[in-house]
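The values are calculated or read from the model by the stated rules, or taken from the named source; none is laboratory data. As the structure is a computational prediction, the values presented were derived from the model and not from experiment. Note: ideal-geometry Cβ built from the backbone for every residue, glycine included; neighbour counts use all protein chains shown. Areas reflect the complete protein model, heavy atoms only, side chains present, ligands, DNA and RNA absent. Shrake-Rupley method; radii C 1.70, N 1.55, O 1.52, S 1.80 Å.
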Amino acid sequence: MTGPLSSDDLLSELRTLHPMLIDLSLGRIKGLLEDLGNPNQKLPPVIHIAGTNGKGSTTAFLQAILEAAGLRVHAYTSPHLVRFHERIRIATGPGQSAPISEDALIETLRRVRDTNGDRPMTFFEITTAAAFLAFAEHPADAVLLEVGLGGRLDATNLIDEPAVTVITPIAMDHADKLGGTLAEIASEKAGILKRDCPAVVAPQEPEARDEVLVRAADICADLITWGVDFDAYPQSGRLVFQQDEELIDLPMPSLRGRHQITNAGTAIAAARVFAERTGDAVRITADAIARGLQTVHWPARMMPLNDGPLSRILSADDELWLDGGHNPAAGRAIAQTLADLEERAPKPTFLVCGMQAQKDIEGFLEPFCGLVRAVVTVPVRGGLGPGLAPDTLADYAEAVGLRTSSAADVETALKAIVQDHGGPRRVLICGSLYLAGNVLAHQQGLASTPN
């Protein structure tokens, strides 16, 4: 006799409903949401976030700031790192939230599955419908909705009147699905803009910025733009946020890296606009913003790994870091952070890297030339697409001038670095969010849920 279905059982079943993992369209999920009673139209005020780099960190900053102000906040993000439950975060009280519980996830997935029947539906579409249903049935003051891929045809883009939209820095990624130029990709991202809805726009390359401006002008969206309407910059070990004539002196974000100043500044601007739109301006104080910057939690973004089986392979004087960045812009940001660490505390630096086949491999790796001693390549398991074979990835790394070797897994790679190179050492595991999830699961002794 079989036991009751777990969420893993249901998620595995739902993955079989459509032959394609990614099939950008709104028709299928729109019909499903209508059959569910349109939960997407019954949500608390929504902040909708698109972009290539930093949208996860910006979402995390937003959640931390709003919760520090005492608001109840739901959040939808993807992909997850260890367990699917991370994707649907439910407000549990003022300033408090948690991943959806196993029982609530099972009940919600069952309702969506039973309503959908055997109609073709991608995994992301049907789980987005489940998130909408969960959010609509739990009271909150805000919903943070992170786009899965692109924007215009993303399953999250069925919110007619968001309180605020946000576009984080746009870069080349997923060109096979979003377009082969930065302008084409920006046009897809700008598809989340809505008429008469304010949009907070992070720094952009000129080609991307121009596309966002065109889309905003076409639909009369009010843009709040980095460098024009607001700015954020480090000064004397502090973060200064400037909007109009107002200056706010803040602590530096707890997330490491210069790029996090951009993400934090964008989140602060979005939180302030959201507060004005919803009547919560009195609660988004400088103190709440400061506490949010210090309490923000977003795993696998220049994250130190200080405990666990992988950390124990290294010596006490070594450093082990983890970052899920995987495109050229992320490579540049990570390399800059490593350079800053090297300036403050010099140590030989090594990469343990795994990537997916469809990424710009050389574009990601080039910024590390002259900065790292060697790269050990490893396989990636559990991603949406094929992982690049370690030997093939090593060939790419050698092509850009990096010293390389390959290993069967991260543990073997770390042991090879310890054996071949004297300490103290700085080691960064990078190249894929799916690899990062596998690492975190191993560190925590957990079984991960496939994405």
Q. How would you classify the stretch 1-66 from its alpha-carbon gyration tensor, with a ≥ b ≥ c the square roots of the eigenvalues: rounded for a/c under 1.5, else prolate if a/b is greater than b/c, otherwise oblate?
A. prolate
Q. In the neighborhood of Asp196, defined by Cβ-to-Cβ distances under 12 Å, what is the net charge if each Lys or Arg adds +1 and each Asp or Glu adds -1?
A. 0
Q) Any idea what diffusion coefficient the stretch 59-134 gets from Stokes-Einstein, in µm²/s, Kirkwood Rh on alpha carbon pairs, 10 °C, 1.306 mPa s? A) 120
Q.
For the chain, take N as its residue count and report Rg(C-alpha) divided by 2.2 N^0.38 Å.
A. 0.96
Q: Return the FRET efficiency for the residue pair Ala408, Val214: r is the Cβ-Cβ distance, R0 is 60 Å, and the value is rounded to the nearest 0.05.
A: 0.75
Q. Rounded to two decimals, what is Rg over Rh for the stretch 262-403 when you use alpha-carbon atoms and the Kirkwood radius?
A. 1.07
Q) Among all helices in the chain defined by DSSP H, which have a length of 18 Å or more along the axis from Cα atoms plus a Kyte-Doolittle mean of at least 1.0? A) 123-136
Q: List the longest stretch of the chain that has no exposed loop site; here a site is one of the GluC sites (Glu not before Pro) assigned by DSSP to anything other than H, G, I, E or B, with at most 14 other Cβ within 10 Å.
A: 246-451
Q) Whole-Hz Karplus ³J(HN,Hα) for the stretch 298-305, in order, using 6.51 cos²θ - 1.76 cosθ + 1.60 and θ = phi - 60°, x for Gly and Pro? A) 8, x, 6, 10, 6, 9, x, 9
**Q.** Antiparallel DSSP beta bridges within the chain, percent to nearest 5
**A.** 40
(Q) Students often get this wrong, so check it: of Lys42/Lys189; Lys30/Lys189; Lys42/Lys359; Lys30/Lys55; Lys189/Lys347, which have C-alpha atoms separated by over 31 Å? (A) Lys42/Lys359; Lys189/Lys347
Q. Of the heavy-atom accessible surface of the stretch 187-346 (probe 1.4 angstrom), what whole percent is carbon and sulfur?
A. 47
Q: Specify, per residue and in Å³, the volume enclosed by the convex hull of the alpha carbon atoms belonging to the stretch 28-89.
A: 120
Q: Report the local net charge at Leu341: Lys and Arg +1, Asp and Glu -1, summed over other residues whose C-beta lies under 11 Å from its C-beta.
A: 0
(Q) Could you compute the net charge surrounding Gln294? Neighbours are other residues with a C-beta less than 15 Å from the C-beta of Gln294; K and R count +1, D and E count -1. (A) 0
Q: Take the stretch 325-425, compute every pairwise Cα distance, and split them into 5 Å bins from 0; I just need the percent in each bin.
A: 2, 14, 23, 25, 21, 11, 3, 0
Q: Treat the stretch 1-155 as a sphere of radius equal to its Kirkwood radius over Cα pairs and apply Stokes-Einstein at 4 °C in a medium of 1.567 mPa s; give the translational diffusion coefficient in µm²/s, rounded to a whole number.
A: 82
Q. Suppose every K and R has +1 on its Cβ and every D and E has -1 on its Cβ; what is the size of the dipole of the chain about the Cα centre, in Debye to the nearest 20?
A. 600
(Q) Only four residue types carry charge here, +1 at the Cβ of Lys and Arg and -1 at the Cβ of Asp and Glu. Report the dipole size of the stretch 99-256 about the Cα centre in Debye, rounded to the nearest 20. (A) 380
